[in-house]
Every structure is written in structure tokens, then in C-alpha cells.
């Protein structure tokens, strides 16, 4: 368990360094209220997300839905 | 958390609600359309906000602890931009709420770096322990949620539901009406949360 924690801490430190080099100055995350998982899972989740960001494993979100009708421009 | 932080957040949420009402037909209605709000946020901050979803990290069952990330990136040319990333396959309510909360980080960013979080390990530790003397970085997580709540489920609407919603079934119906997660409806309609924001009620 301790080794696993050390491992995720190392991953997060490396991600911090790499993100800092690319100009990231602020990082926040959405942590669900009423989370019932072990803290170690949270560390792993964040590490996974930072690594995926660094490795470009994401795509633009489709923003076409969830839209209403705009008022006509006067 | 400073009262100043809350007032500032509520002011911004209210200003965004005013813009929304001005620009949208039936702007007083709910649920508020999130991708129109994205456009309004982009206009207000006037720097790029890139919103993406992870290709391999999913939240199909809604049980992920961490559902989204926000980054501010300072560019070599002196400009900056924001990247927001969401886990894929979240349901609509989670998707909207997480997106809205992360957008509030960009709306609240005034370039003061004392609110920034650079040390991820320390930031996670603080989020998990919620210390009484929270850092400004942790405070900014909380006030971004306050902003999202105020935009998607404003205090005046909460007050109405606070008087009527008593059961899980009531909370579920309200969650469907405003399209935000039921967990948050229950939190926002809890007595401690409503009592806390009563202090600010003359303002919102």
C-alpha cells in the first residue's frame, strides 16, 4: 500500500513538473461531494487525468447541444 | 473563506445570469442552457477557453471521485488561455454541473496567483481533509461551486424548494427540473447551506 502511494506521489510530482514547463500556473479539479472512495483512489484519479492531458488523450467537446433560443438582435 | 470571496462570486454569477436573461428567449426559465453559458463565459473572459473530454477516462456509472480538470496556461507571448477537461460519458446533470463549476474558475480568475494551485499533492490532501484554515487555492474550489450553484439553481429558487422539498423523491424532481446532480440539490437545500447563504440573501 505504501509503495503504491509513493508511486502515485511520484507520478503527480512528475506531472506537476511537466505541466509547469508547458506554462500551467493553476490546476484545479472537480472533486465530487459525498465521495465514498478511499483517498488513494482520488490521488490516482488526478494522476490519470493529468497524465492524459499531458499525453493529449482528449478531444474537443461537442458544444452543439444543450442550447436554447437566442433573442433576435435588435 | 473571506466574505469578500463569496460576495465577488455571487456578483459574477448574478452578472452572468443578467447576461443570460438579456440574450436568451425565456431567459428566466430553467434549466439554463449550458452551452449558451459557455459562449457567454468566453465573451466575458476574452481569452480562449478550450473545453475537451478525455478519450479514455470515463464516468459511465457516475461514481468517479474526480470528474473534471481546469488548467490556466500562461503562454510565452504573455497571453494566457484555459483548458477544461471532463471525463467522458457523464450523465447530463453531472456534465453540466462539472462544466459550469470549472468555467467559474476562469470567470473568477483575476490573475492573482495566491488563488492558484501548483502543488497537486498538497491540493488533493487539502481537498480530502478540508482543514479549518483552508488555503486560498482550496477556497477557490469551493467558491467556484458556489458560483455554479448560484447560476444553475439561484438562491431565490432554492428558497422556494427549501420550503417544499422534503423527500428523496422531491429532490429527484428538482434535480430533473434544474438538470443538476441530485447530490448537490440535497446539499444546496440542506439547512446548514441555506442558513449560511441567508446572510447573503439581500444580495442575491
TODO: Report yes if residue A:57 is facing chain B (nearest Cβ under 7 Å), in contact (Cβ under 8 Å) with a residue 12 or more places away in the chain and under 20 Å from residue B:73 (Cβ atoms), otherwise no.
DONE: no
Open item on the list: Please pick out the residue among A:52, A:15 that is touching a residue at least 24 places away in the same chain (Cβ under 8 Å), under 18 Å from the mean Cα position of the chain (by Cα) and facing chain B (nearest Cβ under 9 Å).
Closed with: A:15
Task: residue B:120 vs. criteria farther than 30 Å from residue B:73 by Cβ and without any contact (Cβ under 8 Å) to a residue 12 or more places away in the chain - done: no
TODO: Hey, can you tell me all the residues within the range A:50-66 that are surrounded by fewer than 16 Cβ atoms within 10 Å (Cβ to Cβ) and part of a loop (DSSP other than H, G, I, E, B)?
DONE: A:55, A:56, A:62, A:63, A:64, A:65
Task: Cβ pairs under 7 Å, 6+ apart, first in the range B:131-142 and more than 12 Å from residue A:29 (Cβ to Cβ), second buried (at least 16 other Cβ atoms within 10 Å of the Cβ) - done: B:134/B:126; B:135/B:126; B:136/B:115; B:139/B:5
Open item on the list: Being within 12 Å of another protein chain (Cβ to nearest Cβ) and under 20 Å from residue B:145 (Cβ atoms): is that true of residue B:64 here?
Closed with: yes
Open item on the list: If I filter the range A:23-49 down to residues being outside any helix (DSSP H, G or I) and more than 7 Å from chain B (Cβ to nearest Cβ), which single residue comes out as modelled with the lowest pLDDT?
Closed with: A:36
Task: Failed item, numbered, when residue A:9 is tested on (1) without any contact (Cβ under 8 Å) to a residue 12 or more places away in the chain; (2) over 23 Å from residue B:80 (Cβ atoms); (3) within 7 Å of chain B (Cβ to nearest Cβ) - done: (1)
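The values are calculated or read from the model by the stated rules, or taken from the named source; none is laboratory data. Predicted model, so just to flag it, every value in this text is computed and none were measured. Cβ coordinates were reconstructed from backbone atoms using ideal geometry, including for glycine residues, and neighbour counts include every protein chain displayed.
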